[in-house]
Structure formats: structure tokens, C-alpha cells
Amino acid sequence: MINVEVAYALPTEQKIIALKVEEGTTASDAVKLSKMGEVYPQIDIDSGPMGIFGKAIKDPKVTVLKEGDRVEIYRPLIADPKEARAKRAAKIKAQQDTQ
């Protein structure tokens, strides 16, 4: 058995569930075992994006976990990060131009 965690975060809260799972357990299996989908039904546990310690994984159904791994369930982005940065930069530039 190995120790792993499954994490999910919202803007106002986060939940981390510690699990003991058998060696060979995949990221997808750990998410299902955590029952995180029951706590947060908006999670797409079958095809939603996931990562391990901030690094996205391509296929959670085949990614085998190691001792101490933390599987992170990602939410969809509300805005494109590049677009948001460009808007902030344009706003700052406009403010500087008016001064």
C-alpha cells in the first residue's frame, strides 16, 4: 500500500483527501476512490483534466501513482491567461498615458 492525496480547489475552499491505495493505482482510480465526485458533483472524474503536484498528466487512466503523490483535479479556466495578462497590461499602459 502507498499513501497518496487527491485535491480539488474552488476559489473559496479546497479539499484534500488522504488515501492508502494499492501499488499500481492510477490517478483516475485514486480520484474515484476518494469519492471527490460525490462531494463536488461538477467534477468530470472520467475525462476532466488532472495533474500531479502542479504538472498536468495526459492520461489519468494510465498514469500510475507513486508514494506521496498528490493528484490535483483541475477546474476549467474562466479566462484565457494570455488574454487576461494582455488586458491588464493594456489597462496599465492606458493609465500611464493619461498621467
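The values are calculated or read from the model by the stated rules, or taken from the named source; none is laboratory data. None of these values were measured; they are calculated from a predicted model. All Cβ positions, glycine included, derive from the backbone under ideal geometry; neighbour counts span all protein chains shown. Side chains are part of the model used for accessible areas, which takes the heavy atoms of the whole protein and leaves out ligands, DNA and RNA. Shrake-Rupley method; radii C 1.70, N 1.55, O 1.52, S 1.80 Å.
Of the residues that make up the range 77-91, is at least one under 30 Å from Glu13 (Cβ atoms), in a loop (DSSP other than H, G, I, E, B) and under 15 Å from the mean Cα position of the chain (by Cα)? For the range 77-91, residues under 30 Å from Glu13 (Cβ atoms), in a loop (DSSP other than H, G, I, E, B) and under 15 Å from the mean Cα position of the chain (by Cα): present.
Okay, residues lined up against (1) open to solvent by less than 90 Å² (accessible area, probe 1.4 Å); (2) out of contact with any Gly (no Cβ under 9 Å at 6 or more places or on another chain); (3) in contact (Cβ under 8 Å) with a residue 24 or more places away in the chain:
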| position | (1), (2), (3) |
| --- | --- |
| Ile57 | yes, no, yes |
| Tyr74 | yes, no, yes |
| Pro81 | yes, yes, no |
| Gln96 | no, yes, no |
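In the set (1) assigned to a loop (DSSP other than H, G, I, E, B); (2) buried (at least 18 other Cβ atoms within 10 Å of the Cβ), the condition left unmet by Val62 is number (2).
Candidates in the range 10-45 are the residues that are assigned to a strand (DSSP E or B) and touching a residue at least 12 places away in the same chain (Cβ under 8 Å); of these, the one that is most open to solvent (accessible area, probe 1.4 Å) is Lys20.
Number of residues in the range 57-95 that are touching a strand residue (DSSP E or B) at 6+ places or on another chain (Cβ under 7 Å) and small (Gly, Ala, Ser) equals 1. The set of residues in the range 83-94 being open to solvent by less than 80 Å² (accessible area, probe 1.4 Å) and closer than 30 Å to Pro41 by Cβ consists of Ala84 alone.
Applying the criterion of being of a type outside the set (Ser, Thr, Tyr) and touching a helix residue (DSSP H, G or I) at 6+ places or on another chain (Cβ under 9 Å) to the residues of the range 23-49, the residue that is nearest to Asp69 (Cα to Cα) is Val31. Taking the criterion of being under 16 Å from Val21 (Cα atoms) and among the basic types (Lys, Arg), the residues of the range 44-79 that qualify are Lys61, Lys66, Arg70.
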